[in-house]
Amino acid sequence: MTVTSEQRFGEFVAVRVHEGQEHVAELVLDRPKAMNAVSTDMARSIAAACAALAADPGVRVTVLTSSHERAFCVGADLKERNSFTDAELLRQRPTARAAYTGVLELPMPTIAAVHGFALGGGFELALSCDLIVADRTAVVGLPEVSVGVIPGGGGTQLLPRRIGAARAAELVFSARRVEAAEALGLGLVDELVEAGQDRAAALALAGRIAANSPVGLRAAKRALRLGHGLDLRAGLEVEDAAWRSVAFSGDRAEGVAAFNEKRKPNWPGE
C-alpha cells in the first residue's frame, strides 16, 4: 500500500494513511531495535497519537501495527525500569497508563495486527483494541507475575472480559505464553491468518468496516463498551441512548436514502 501521509509522534510512533483508505488510520509501533518495548518516551508518544486520532472525525477505523518483523510488542521496557528508583517508577506510572487507556478509549473501532511476540504490555495494547487479527507466528501472553508484578495495562480486566474469569486466571497465574493456534481456540485473538499477512488482513477488515457510517460505528462502539457487564435492563438503556444519538443524524438520513435509491451512501459523518 502507498503511504499518502505520515505523522510522527516522537521517535517511536507513527500514524499513517494509505492511498484508497483515507478513513483508515494505521497506528504504527516503531521501535524495532527494542522489539517495540514500551519506554517512557514511547508511552508518551502512543498517548499523544491516540489523542490526535480521537480528535479526527475523518478516521473511521484505527489499525494498530508493528514495524518489527518478529514482534508486535514485547511489553514494558524492563531495561529502563531496572534503572528506576521507587519514586521514579511511581512518577512514571501515569504516563504508562495513559498509553494503554489512549488505545482503549479511541472512539472508533480498533483492530490490532499481531505477529511474533505480543507479551505483557504488548498484549495489553492488543487487548485494548476491539478486534485482534494474528498471524501464525503470534505468541501472546501476560507473564508479569514471573517478574514480580501484575498486568498493569488493563490485562486483569480486559482478559477476563474476553475469555472468562477462570481461563484468564490460569493464563495470568501461570505466566505462560500461548501460540497462535491455541490463542485462536481460547478467544485470545479473533482471526488467524498465514504468516506475514496480519497487517494486510487487518487493513482489509478495517476497509470493510470503514465503508459504514462513522456516526453509527462510534455509537455502536459506545453501546458495546458501556453496556458490557451491565444487567440486561441497564444495557438496553445504554443501547437506547446510543440509538437516540444516531436516529436523527445526517448519516441516518443518508443511509436510508442511499438504500432506497440503490446507491452507495456518501456519509456526512454527522
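The values are calculated or read from the model by the stated rules, or taken from the named source; none is laboratory data. These figures come from a predicted structure and were not determined experimentally. Cβ atoms come from the backbone with ideal geometry, glycine included; neighbour counts cover every protein chain shown. SASA here: full protein model, heavy atoms, side chains in, ligands and nucleic acids out. Shrake-Rupley method; radii C 1.70, N 1.55, O 1.52, S 1.80 Å.
Out of all the residues in the stretch 177-195, which are assigned to a loop (DSSP other than H, G, I, E, B), in contact with a strand residue (DSSP E or B) (Cβ under 6 Å, 6 or more places away or on another chain) and over 19 Å from Leu142 (Cβ atoms)? Give the derivation first.
To start, the set of residues in the stretch 177-195 that are assigned to a loop (DSSP other than H, G, I, E, B) comprises 177, 187-190, 194-195.
From the residues that got through so far, the ones that are in contact with a strand residue (DSSP E or B) (Cβ under 6 Å, 6 or more places away or on another chain) too are 177, 188-190, 195.
Correct list: Ala195 only.
Whether any residue in the stretch 200-212 is more than 23 Å from His23 (Cβ to Cβ), touching a residue at least 40 places away in the same chain (Cβ under 8 Å), assigned to a helix (DSSP H, G or I) and touching a strand residue (DSSP E or B) at 6+ places or on another chain (Cβ under 6 Å) is what I want to check.
Here is the first cut: in the stretch 200-212, the ones more than 23 Å from His23 (Cβ to Cβ) are none.
No, there is no match, as no residue in the stretch 200-212 is more than 23 Å from His23 (Cβ to Cβ), touching a residue at least 40 places away in the same chain (Cβ under 8 Å), assigned to a helix (DSSP H, G or I) and touching a strand residue (DSSP E or B) at 6+ places or on another chain (Cβ under 6 Å).
Being in contact with a helix residue (DSSP H, G or I) (Cβ under 9 Å, 6 or more places away or on another chain) and closer than 25 Å to Lys33 by Cβ is the filter here; which residues of the stretch 98-116 pass it?
Keep residues of the stretch 98-116 that are in contact with a helix residue (DSSP H, G or I) (Cβ under 9 Å, 6 or more places away or on another chain), which gives 98-115.
Those that are in contact with a helix residue (DSSP H, G or I) (Cβ under 9 Å, 6 or more places away or on another chain) and closer than 25 Å to Lys33 by Cβ: Ala98, Ala99, Tyr100, Gly102, Val103, Ala112, Ala113, Val114, His115.
Filter the stretch 57-66 down to residues that are of a type outside the set (Val, Ile, Thr) and surrounded by 15 or more Cβ atoms within 10 Å (Cβ to Cβ), then give me how many there are. First the steps, then the outcome.
At the first step, the residues of the stretch 57-66 found to be of a type outside the set (Val, Ile, Thr) are 57-58, 60, 64, 66.
So of that shortlist, the ones also surrounded by 15 or more Cβ atoms within 10 Å (Cβ to Cβ) come out as 60, 64, 66.
Total meeting the criteria: 3.
Of the residues Val215, Val256, Val238, Val246, only one is in contact with an Asp or Glu (Cβ under 9 Å, 6 or more places away or on another chain) and either open to solvent by less than 30 Å² (accessible area, probe 1.4 Å) or in a helix (DSSP H, G or I) (or both); which? Full working, then the answer.
Working: Val256 fails: in contact with an Asp or Glu (Cβ under 9 Å, 6 or more places away or on another chain); Val238 fails: in contact with an Asp or Glu (Cβ under 9 Å, 6 or more places away or on another chain); Val246 fails: in contact with an Asp or Glu (Cβ under 9 Å, 6 or more places away or on another chain).
Val215 is the lone residue from the list that is in contact with an Asp or Glu (Cβ under 9 Å, 6 or more places away or on another chain) and either open to solvent by less than 30 Å² (accessible area, probe 1.4 Å) or in a helix (DSSP H, G or I) (or both).
Select from the stretch 75-96 the residues that are closer than 13 Å to Asp41 by Cα and part of a helix (DSSP H, G or I) and list them in ascending order. Please lay out each step first, then the result.
Of all residues in the stretch 75-96, those closer than 13 Å to Asp41 by Cα come to 76-77, 80-81, 92-96.
Listed by number, the residues that qualify are Glu80, Arg81, Gln92, Arg93, Pro94, Thr95, Ala96.
Among the residues of the stretch 154-176, how many are assigned to a helix (DSSP H, G or I), open to solvent by less than 30 Å² (accessible area, probe 1.4 Å) and touching a residue at least 24 places away in the same chain (Cβ under 8 Å)?
Looking only at that region, the number is 5.
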